[in-house]
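For reference, the structure discussed in these notes is given below.
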Amino acid sequence: MELIIEGVIARICKPQEFASGFRKCEVHVNVQDGQYPQTVALEFLKDDVDEALGLTVGAEIKARCNVRGREWQDPKTGDYRAFMSLVPWKYELPEPKSIKEQVMEQANDNPAEADDFPF
C-alpha cells in the first residue's frame, strides 16, 4: 500500500545500527491536517540512511511511502499489538519560492490590498 506524505522536516533522529548490519533512521515530519497538525515518523532503511542524514530540518518534503505493518504477541499476557511503519521509497524536496512568487501569491490571496501601494 502506498501513501504520500507532504510536510516539513521537524527532526532527523540518530541512526540505529544492529548487530546484523541492518540500519535505520527516523525522520519526523510535521504534516498539516486541517486544524490539527500531525507529526509522522518516516523510516529510512539500509542504504537510504545516508540520504536521510543529508536532509535538512525545516525543509519541505513530499515522500511516497510504503505502509508496512506487523503483529506482535506479548508472551507474558498473550495480548496482541499491531505496529505500523512508513518507509519512503521516493521523495522530493520542492524548491523554495522566490520573493516575487511569494508577493504574487499574497496579492492573489487578497486582491484589495494588491492595489493599495504606498507610491
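The values are calculated or read from the model by the stated rules, or taken from the named source; none is laboratory data. Since the model is a prediction, treat every value here as computed from it, not as a measurement. When the accessible area is computed, the model is the full protein with side chains, heavy atoms only, and any ligands, DNA or RNA have been set aside. Shrake-Rupley method; radii C 1.70, N 1.55, O 1.52, S 1.80 Å.
Here's the list of lysines a cross-link from residue 90 could span, going by alpha-carbon distance under 19 Å and ignoring same-chain residues fewer than 8 apart: 24, 46, 62. The slack between residue 16 and residue 2, meaning 0.36 nm per residue of separation minus the straight C-alpha distance, is 2.6 nm.
Overall, the anisotropy analysis places the stretch 1-104 in the prolate class: the square-rooted eigenvalues a ≥ b ≥ c of its C-alpha gyration tensor yield a/c not less than 1.5, with a/b exceeding b/c. Per-residue 3J(HN,Hα) values for the stretch 77-88, derived from phi via the Karplus relation 6.51 cos²θ - 1.76 cosθ + 1.60 with θ = phi - 60°, read 9, x, 5, 9, 9, 10, 10, 10, 9, 10, 10, x Hz in sequence order (x marks Gly and Pro). Sequentially through the stretch 42-53, phi angles give Karplus couplings (6.51, -1.76, 1.60; θ = phi - 60°) of 9, 9, 8, 10, 6, 5, 6, 4, 4, 5, 4, 5 Hz, Gly and Pro residues having no value and appearing as x. Per-residue surface analysis assigns residue 90 an accessible area of about 100 Å², computed on protein heavy atoms at 1.4 Å probe radius.
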